[in-house]
Amino acid sequence: MDIFAAIADERRHLADQLADLTPEQQSTQSLCVAWTVHDVLAHLTMPLDVSMPRFALALIHRCK
């Protein structure tokens with residue numbers, strides 16, 4: 001199995017595990033004190049939703 005297929009399988013497995021979280025569960029503090037479970041999920045799925053150029057432009061715009 002190539003690495004990209006393995007990564008895709010892991011992401012699908014994670015999505016299946018987390019699909020039924022309630023809003024209360026998502027707002028729970030994660031093991032990283034500064035982040036909620038929702039923040040962690042957003043961090044993990046961001047590359048699937050936002051292209052790298054779009055992300056870079058948003059970062060540049062935010063840092064102005």
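The values are calculated or read from the model by the stated rules, or taken from the named source; none is laboratory data. Computed from a prediction, not measured in an experiment: that's the story for all the values here. Here the Cβ is made from the backbone with ideal geometry for all residues, glycine too, and neighbour counts use every protein chain on show. Calculation scope for accessible area: heavy atoms of the full protein, side chains included, ligands and nucleic acids excluded. Shrake-Rupley method; radii C 1.70, N 1.55, O 1.52, S 1.80 Å.
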Worksheet item: Restricting the search to the range 10-31, which residues are open to solvent by less than 90 Å² (accessible area, probe 1.4 Å) and modelled with pLDDT of 90 or more?
Response: LEU21, THR22, GLN25, GLN26, SER27, THR28, SER30
Worksheet entry | Test: ALA42 is open to solvent by less than 70 Å² (accessible area, probe 1.4 Å), modelled with pLDDT under 85 and either in contact with a helix residue (DSSP H, G or I) (Cβ under 8 Å, 6 or more places away or on another chain) or assigned to a helix (DSSP H, G or I) (or both) | yes
